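The values are calculated or read from the model by the stated rules, or taken from the named source; none is laboratory data. Treat the numbers as computed from the prediction; the structure is a model and nothing was measured. For neighbour counting, all protein chains shown are included, and Cβ atoms are generated from backbone atoms with ideal geometry for every residue, glycine included.
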Amino acid sequence: MGSAIKKIGVFTSGGDSPGMNAAIRSVVRTCAYLKVDCVGIYRGYQGMIEGDFKPMDARSVNNIINKGGTILKSARCDDFRSAEGRKRAHEQLKKEGIDAFVVIGGDGSFTGAMIFNQEFDFPVIGIPGTIDNDIFGTTFTLGFDTALNTVVEAIDKIRDTASSHNRLFFVEVMGRDVGHIALNAGVGAGAEEILIPEENLGLDRLLESLKRSKKSGKSSSIVIVAEGDKTGKNVFQLKEYVEEHLPIYDVRVSVLGHMQRGGSPSCYDRVLASRMGVKAVESILEGKTNLMVGVSDNKLILTPINKAIKGHTKIDKELIRVSEIMTT
Ligand code: F6P
């Protein structure tokens, strides 16, 4: 390919997610295949500012497709928010001869990339990597599918003990601003109630639903709560609230936390990461920039990064309805 781009940098940034390594592998191997140099940038934008670079070839990414986390490490970087920090990063990239970069991360990472592109006319392409699935322009982000499987597996185990003791469990899952993990894992794990930021059904409704559930003969219950839910109470306060208003329930709380971000990626995430990495490198070499690779109807698409950042992902109303029917 007769592209002006001869060396591509790749890095992971923000919260890690399963599938990031598979995406790094894909970017590195696509570069090797197309005979373009590739450089790994360690610790996201922080490493870029500090010139923490390492040339990578096809063999640098052996045996990582199955690994959680990110071999390039990740960081949230305050220095990159300043013009001075970005100038230093640009100088480091130029010194290393890097002509373009692929950033694997979420909306904060993409915002940094977009500003950098505007300031230095530097080619950038994003690959969405976050378990939250909260990026516009893609039906799935890398790590979402794996996180769902992790959550469902954990809740299956919680269900065993909940059922043995006739207990009600509040299970908190990740999702700072969105309820995609809660809703999908809730349906997949058969939760009685799902509390998500997008719909505040109110505490009265929760009590009504729990009462109904008891009356219908259910002896144990699982309520999934997205960490960003809007009831105004966290899981521990919800426990107290229910104990106070429905003393018939023996309530426990389980916060799944960062275990949701780890683990070996699912086959879906590995395949998606492999596809996205190829698309990212090919797009850069075709002269495209300031875009994010996404998937829609199982086809890879490109969305302007500013749209990916500003757009809102919609919660699946149909799935909410399914969940309501399933809790009969
Ligand atoms: O990766 C996104 C996310 O998992 C959010 O759901 C959560 O609020 C956040 O990361 C926590 O990240 P950290 O503990 O790394 O700040």
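Any residue in the stretch 61-90 that's of a type in the set (S, T, N, Q): show its pairings with residues that are in a loop (DSSP other than H, G, I, E, B) and more than 16 Å from the ligand (Cβ to nearest atom) at Cβ separation under 6 Å, as long as the two are six or more apart or on different chains.
These pairs meet every condition: Asn66/Ser264.
Just to verify a result, which residue in the stretch 301-328, among those that are part of a helix (DSSP H, G or I) and aliphatic (A, V, I, L, M), is nearest to Pro197 (Cα to Cα)?
Of everything passing the filter in the stretch 301-328, Ile320 is nearest to Pro197 (Cα to Cα).
With (1) without any contact (Cβ under 8 Å) to a residue 12 or more places away in the chain; (2) surrounded by 18 or more Cβ atoms within 10 Å (Cβ to Cβ) as the list, and Thr146 as the residue in question, which single condition is left unmet?
(1)
Is there a residue being within 15 Å of the ligand (Cβ to nearest atom), under 20 Å from Gly15 (Cα atoms), of a type outside the set (Lys, Arg) and at pLDDT 95 or above anywhere in the stretch 165-173?
yes
Conditions tested, residue by residue: (1) buried (at least 17 other Cβ atoms within 10 Å of the Cβ); (2) in contact with a helix residue (DSSP H, G or I) (Cβ under 6 Å, 6 or more places away or on another chain).
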| residue | (1), (2) |
| --- | --- |
| Ser221 | yes, yes |
| Asp229 | yes, no |
| Glu240 | no, no |
| Val255 | no, no |
| Arg275 | yes, no |
| Glu286 | no, no |
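Which residue is farthest from Gly68 (Cα to Cα), if the candidates are limited to the stretch 131-148 and must be more than 13 Å from the ligand (Cβ to nearest atom) and among the aromatic types (Phe, Trp, Tyr)?
Among residues in the stretch 131-148 that are more than 13 Å from the ligand (Cβ to nearest atom) and among the aromatic types (Phe, Trp, Tyr), the one farthest from Gly68 (Cα to Cα) is Phe136.
Just give me the residues in the stretch 184-197 being surrounded by 24 or more Cβ atoms within 10 Å (Cβ to Cβ) and under 20 Å from Lys239 (Cα atoms), in sequence order.
Gly186, Ala191, Ile194, Leu195, Ile196
Count, please, the residues in the stretch 81-114 that happen to be among the hydrophobic types (A, V, I, L, M, F, W, C), more than 16 Å from the ligand (Cβ to nearest atom) and surrounded by 16 or more Cβ atoms within 10 Å (Cβ to Cβ).
8
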